[in-house]
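Peer 1: Once you've had a glance at the structure underneath, I'll fire off some questions.
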Amino acid sequence: MPRRRLTEEQIEAMRKRILDVALDILHDSGPEAISIRTISSKLGISHMAIYTYFNNRSELIHALNERLQVWLRGKYEKIMEEAEAGNVKTVLESLLAYYTEMSRDDPTAYRFLLVEPLTSRKFVDQPRIMEENLQHLSNLIELGIMRGVFKDRDHLLAAGTVFNLVNAPLILFHSGRIVDPTLRDRLFEEGLKAAIEYLVG
């Protein structure tokens with residue numbers, strides 16, 4: 001008797017379950033621990049069954065990346081709404097501070113989104129993701145420039161400069177180049193102060 005074909009809804013529901021498990025593994029153990037066999041074991045299914053929903057691990061990682069990006073886009077949309085309704089400088093400071101919060105509270109996700117692209121060739125679509133994150137920051141800076149809160153300058157270039165000032169210590173820490181968390185925090189605070197001073201001119 002031939003196997004009953006899965007509906008689109010069933011396929012989508014199982015893809016979601018697989019990605020839920022992959023996300024749990026990411027949070028618990030980091031991106032290196034995400035494997036087809038580990039996911040299938042946690043789901044209680046044959047590892048070959050995963051290939052019904054994803055062609056390979058790379059496609060699964062790409063889908064996980066997309067899920068995290070959708071979450072980040074939602075966060076940026078809320079941030080832009082806050083900035084449009086309130087104090088753009090305060091909102092920007094909160095966004096920049098969020099990087100260090102994410103680095104401390106969800107280090108595996110931070111590493112997956114911002115460190116792995118620099119240290120591994122496994123995540124080939126990461127440059128696009130980094131550019132998208134810079135564009136969101138650029139939009140916020142552009143709003144501040146239009147309101148006269150920030151100095152008039154190329155907002156995409158400003159976004160890259162600000163991003164680097166605050167994230168460099170965090171990326172260096174998570175890639176093992178800085179090992180002292182106190183030094184990381186002091187460098188971040190100095191970077192945040194320099195970023196705001198740079199923007200306001």
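The values are calculated or read from the model by the stated rules, or taken from the named source; none is laboratory data. Note that the structure is a prediction, hence the values are computed from the model and not measured. Ideal geometry is used to build each Cβ from the backbone, glycine not excepted, and the neighbour counts take in all protein chains shown.
Peer 1: If Ser35 passes every condition in (1) in contact with a helix residue (DSSP H, G or I) (Cβ under 8 Å, 6 or more places away or on another chain); (2) on the phi < 0 side of the Ramachandran plot; (3) touching a residue at least 24 places away in the same chain (Cβ under 8 Å) but one, which one does it miss?
Peer 2: (3)
Peer 1: Which of the residues belonging to the stretch 13-32 are under 16 Å from Phe54 (Cβ atoms) and either of a type in the set (Asp, Glu) or assigned by TED's automatic domain parsing to the domain that holds Asp105 (or both)?
Peer 2: Correct list: Asp20 only.
Peer 1: Okay, moving on. Kindly evaluate Ile45 against the criterion of being buried (at least 17 other Cβ atoms within 10 Å of the Cβ) and β-branched (Val, Ile, Thr).
Peer 2: No: the conditions fail for Ile45.
Peer 1: Let me ask something additional. Could you tell me which residue of the stretch 1-23 is surrounded by the most Cβ atoms within 10 Å (Cβ to Cβ), considering only residues that are under 21 Å from the mean Cα position of the chain (by Cα) and over 15 Å from Leu113 (Cα atoms)?
Peer 2: Per the stated criteria, the residue is Ile18.
Peer 1: Give Val91, Val124, Val115, Val166 a once-over and let me know the one that is assigned to a helix (DSSP H, G or I), aliphatic (A, V, I, L, M) and at pLDDT below 90.
Peer 2: That would be Val115, the only listed residue that is assigned to a helix (DSSP H, G or I), aliphatic (A, V, I, L, M) and at pLDDT below 90.
Peer 1: Filter the stretch 151-176 down to residues that are under 16 Å from the mean Cα position of the chain (by Cα) and within 15 Å of Glu197 (Cβ to Cβ) and give me whichever is surrounded by the fewest Cβ atoms within 10 Å (Cβ to Cβ).
Peer 2: It comes out as Asn164.
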